[in-house]
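The values are calculated or read from the model by the stated rules, or taken from the named source; none is laboratory data. Note that the structure is a prediction, hence the values are computed from the model and not measured. In this analysis, Cβ positions are derived from the backbone assuming ideal geometry, glycine residues included, and neighbour counts consider all displayed protein chains.
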Amino acid sequence: MHEWTIEELDEIKQKIKEVLDVQMEVEQYEGDVVPSVDDLEDANEGLLVDCAILFVDIRGSTTLSDTSWAKSMAKIYRAFVRAMVMCVYNSGGRVRQIVGDRVMGVFVNDEEVKATEKALQSAKAILTVVEKYFNPECKSKVNGKEIQCGVGIDYGKVLLTQVGMKAEQEEAKDLVWAGKIANIASKHTDMAEAGEIFVTKRYYDNLPFSYKGEDSRWEAVIRLKSDSLFEGYANTNYYLDCVNEEETKEFSEQVRTLSSDGNSISGLNPNDVVTQIVTGMQSQISALLERFEPIVRRETELKYTEQALAQRETALKQQEESLKQRMVAVDRALEFKKNQVEYKLKSNFLSDNMNSYKFLELLERMDELIELGGKINKTKVNVHSDLYYFRLVNYMKKHNLEVAYLLIEEAIRNNLYLPWADDIIEVVEKLNKKIEISVVIRQNLQNYKPDARTLDIFRKMILKLNLSNPLIEYERKLIE
């Protein structure tokens, strides 16, 4: 058993650096033959190739199962791959990958024929060979077995580069077809039904117009795989023209052998003629039904695909609506926070600098602050409280006694932090509001449980203004 060494690992590391540290040079391929591994050097260089890539593999059937004998399966795979390679080469392509029963064919443009046309001829040859030649031979010689296959094709630009190296006197080199084209063609092969060619829209758009007439039977389809949608065109039982012409010729020859009196066909009696015609009609009807069945399946598949798309569209709309609502909520929250910060700054500034404003100017600033406070759920009383009643009343008693008194009443009615006792007494005496203030004090004592500072201010007011003393009854109730 080989024992690995650090030197061997370092050699591998150096080979990796040789590739990754050198910039890759890319040239547009101008040839009309599919490049091979010998067309590129073992260097960081690549060829940009316009090509059609075809994949084909066995799709399985009711007669081919996992319980088949290994020898039978080996014979089937060998014959199938050999036939597929011949279909690709005879159509002007080259086989560049064989993995199990999956064959990859590559086609490039030349002066006379487009790559898309070559690939289609190869696909038609594949379906023709499998249905008309492979299955009859296989069925008669390999335990009655039959196979079915699917073909996928895409067209576009592919970056081609050489990989591998010479090791131990053996060549371990191959070509890598980098890009989405090969991958998409492979996925279309996976989704192709038995006896179907499933191509991308890009490939179909580049197909010569002569292959897209009404008689070509191409159908636009959308297929869903996991969460991915694949749009393209499908064609079922699309055989080579030479085979269709031969079958038509054989049928015409049978019709021409009818005698002029209608009594015989190639020596057959009238009963045999009728039986042959009916059998032929039944065979044609069966063929039509076989062709119609995939159409029904595709329509059903399309229906479910449309339903899935509709559900996804509904889900996307719901997500979009939810996102809009969240964005609105975030915008509102940000606006609310911005207004909170603005309100706090303006209220603090106005409270601290109140005496620097003229009366009317202060009222305007207070109105603006009340409007801003409304945006963050603050009432007029909340705004006055944030400006502090002791500052407001002290300012207002110098400019407008009525406003000063209203602020005093407001503070007492709402059991808020009261102005200074001397300012209250001065305003009440000047406006002669002793009776009114007594009523307000009594209401406060009935509705709230004032703190010690408030009760102390009430005592000073009662003493200075000679008011009836509601505190006696209030304090008696507290004792009881």
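Hey, among 440, 428, which residue is surrounded by 14 or more Cβ atoms within 10 Å (Cβ to Cβ), closer than 18 Å to residue 394 by Cα and touching a helix residue (DSSP H, G or I) at 6+ places or on another chain (Cβ under 9 Å)?
428
Among the residues of the range 398-446, what is the count of those that are more than 23 Å from residue 359 (Cβ to Cβ), of a type in the set (Lys, Arg) and in contact with a Leu (Cβ under 8 Å, 6 or more places away or on another chain)?
Going through the range 398-446 one residue at a time, the tally reaches 1.
Which residues, counting only those in the range 176-188, are buried (at least 24 other Cβ atoms within 10 Å of the Cβ) and not aliphatic (A, V, I, L, M)?
Once the filter is applied, which keeps residues that are buried (at least 24 other Cβ atoms within 10 Å of the Cβ) and not aliphatic (A, V, I, L, M), the range 176-188 yields only 188.
Hey, can you tell me all the residues within the range 444-469 that are in a helix (DSSP H, G or I) and surrounded by 14 or more Cβ atoms within 10 Å (Cβ to Cβ)?
444, 445, 454, 455, 457, 458, 460, 461, 462, 464, 465, listed by residue number.
Given the residues 23, 97, which is the only one that is modelled with pLDDT under 85, under 35 Å from the mean Cα position of the chain (by Cα) and not aromatic (Phe, Trp, Tyr)?
After ruling out the rest, the residue left standing is 23.
With over 14 Å from residue 119 (Cβ atoms) and in a helix (DSSP H, G or I) as the only criterion, which of 174, 190 stands out?
190
Tell me the residue from 370, 472 that is among the β-branched types (Val, Ile, Thr) and over 60 Å from the mean Cα position of the chain (by Cα), please.
Of the residues listed, the single one that is among the β-branched types (Val, Ile, Thr) and over 60 Å from the mean Cα position of the chain (by Cα) is 472.
Taking the options 151, 88, 103, 49, name whichever one is part of a strand (DSSP E or B), touching a Ser or Thr at 6+ places or on another chain (Cβ under 7 Å) and crowded, with 20+ Cβ neighbours inside 10 Å.
None of the others qualify; the one that does is 151.
How many of the residues making up the range 56-84 are acidic (Asp, Glu) and either surrounded by 14 or more Cβ atoms within 10 Å (Cβ to Cβ) or modelled with pLDDT of 80 or more (or both)?
1
Okay, residues lined up against (1) buried (at least 17 other Cβ atoms within 10 Å of the Cβ); (2) touching a Ser or Thr at 6+ places or on another chain (Cβ under 8 Å); (3) more than 29 Å from residue 474 (Cα to Cα):
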| position | (1), (2), (3) |
| --- | --- |
| 359 | no, no, yes |
| 369 | yes, yes, yes |
| 375 | no, no, yes |
| 378 | yes, no, yes |
| 396 | yes, no, yes |
| 418 | yes, yes, no |
| 422 | no, no, no |
| 432 | no, no, no |
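Working only within the range 108-145, note down all residues that are under 18 Å from residue 243 (Cβ atoms) and either polar (S, T, N, Q) or not in a helix (DSSP H, G or I) (or both).
121, 122, 128, 135
Among the residues of the range 336-352, what is the count of those that are under 14 Å from residue 374 (Cα atoms) and without any contact (Cβ under 8 Å) to a residue 12 or more places away in the chain?
Residues in the range 336-352 being under 14 Å from residue 374 (Cα atoms) and without any contact (Cβ under 8 Å) to a residue 12 or more places away in the chain: 4 in total.
Take the range 213-227 and flag every residue that is at pLDDT 85 or above and either loosely packed, with under 13 Cβ neighbours inside 10 Å or assigned to a strand (DSSP E or B) (or both).
219, 220, 221, 222, 223 - these are the residues of the range 213-227 that are at pLDDT 85 or above and either loosely packed, with under 13 Cβ neighbours inside 10 Å or assigned to a strand (DSSP E or B) (or both).
In the range 392-419, what residues are in contact (Cβ under 8 Å) with a residue 40 or more places away in the chain and part of a helix (DSSP H, G or I)?
Selection gives 395, 399.
Given the conditions (1) part of a helix (DSSP H, G or I); (2) among the basic types (Lys, Arg); (3) under 29 Å from residue 334 (Cα atoms), which single one is not true for residue 378?
Here residue 378 meets the rest and fails (1).
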